[in-house]
Amino acid sequence: TQLLEQSPQFLSIQEGENLTVYCNSSSVFSSLQWYRQEPGEGPVLLVTVVTGGEVKKLKRLTFQFGDARKDSSLHITAAQPGDTGLYLCAGVSRSNYKLTFGKGTLLTVNP
Amino acid sequence: DSGVTQTPKHLITATGQRVTLRCSPRSGDLSVYWYQQSLDQGLQFLIQYYNGEERAKGNILERFSAQQFPDLHSELNLSSLELGDSALYFCASSVGVGGDVSSYNEQFFGPGTRLTVL
């Protein structure tokens, strides 16, 4: 069974601060996806990282895939209240392309 | 708006009852996935259908079943409900069954059905 551990589980910060969320596994994945979920809604895909060491930027969000394709991080610069939400990472299996989700990091950005 | 629709939005029922959750995928998507989300377990994959056929099974209980119809909409049936079945149930859809091209693995989630079993 492939497991993804996300840390921290909860994060409450002030507007303007920087933060990093981690997603770790002992398994190698074909690719890794990051989703954001807001209350009352389904997860929305933010980005997919595919190559070991790959870095992708989405405005103030920077995503990195570990060299061994087992872990990933999400860094947010100058967080804003609109960034508040549950951030989920999901690993794509190399064998059957099934997604395995981490339990998520609940981020609250206070104005 | 992801293009995936789910009904109902909320469902309150009693233990021992049976309910049916409905999902319509994005136009053109052939795969439908069902997930259960709870505070302690996170988002758990239940089952996947592709073009009407069961494709993959995850942590789905025997009391639960699903099907995908010729028009590609899907239903998840939950029976003999227990208190622990209270959760958010999400449907997601994708173009195909996944592959080495990253876009093949992109799933689009509906807004979910919140099930409360009393």
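The values are calculated or read from the model by the stated rules, or taken from the named source; none is laboratory data. Keep in mind that what you see is a predicted model, and the values were worked out from it rather than measured. Heads up, the Cβs are rebuilt from the backbone with ideal geometry, glycines too, and the neighbour counts pull from every protein chain shown. Protein only, heavy atoms only, side chains kept; ligands, DNA and RNA dropped before computing areas. Shrake-Rupley method; radii C 1.70, N 1.55, O 1.52, S 1.80 Å.
Some points to look at:
- Here A:Ser73 passes the criteria (1) small (Gly, Ala, Ser); (2) open to solvent by 10 Å² or more (accessible area, probe 1.4 Å); (3) part of a loop (DSSP other than H, G, I, E, B) except the one numbered (3).
- In this entry, B:Gln68 is excluded by the filter for residues that are surrounded by 22 or more Cβ atoms within 10 Å (Cβ to Cβ), closer than 25 Å to A:Phe29 by Cβ and without any contact (Cβ under 8 Å) to a residue 60 or more places away in the chain.
Yes/no matrix, rows are residues, columns are (1) within 14 Å of another protein chain (Cβ to nearest Cβ); (2) in contact with a helix residue (DSSP H, G or I) (Cβ under 6 Å, 6 or more places away or on another chain); (3) under 30 Å from B:Arg55 (Cα atoms):
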position: A:Ala79; (1), (2), (3): no, no, no
position: A:Leu86; (1), (2), (3): yes, no, yes
position: A:Cys89; (1), (2), (3): yes, no, yes
position: A:Tyr97; (1), (2), (3): yes, yes, yes
position: A:Lys103; (1), (2), (3): yes, no, yes
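- Residues in segment B:84-115 that are part of a strand (DSSP E or B), facing chain A (nearest Cβ under 8 Å) and open to solvent by 40 Å² or more (accessible area, probe 1.4 Å): B:Phe108 only.
- Restricting B:Leu46, B:Leu81, B:Leu118 to residues that are surrounded by 14 or more Cβ atoms within 10 Å (Cβ to Cβ), more than 24 Å from A:Glu38 (Cα to Cα) and modelled with pLDDT of 95 or more narrows the list to B:Leu81.
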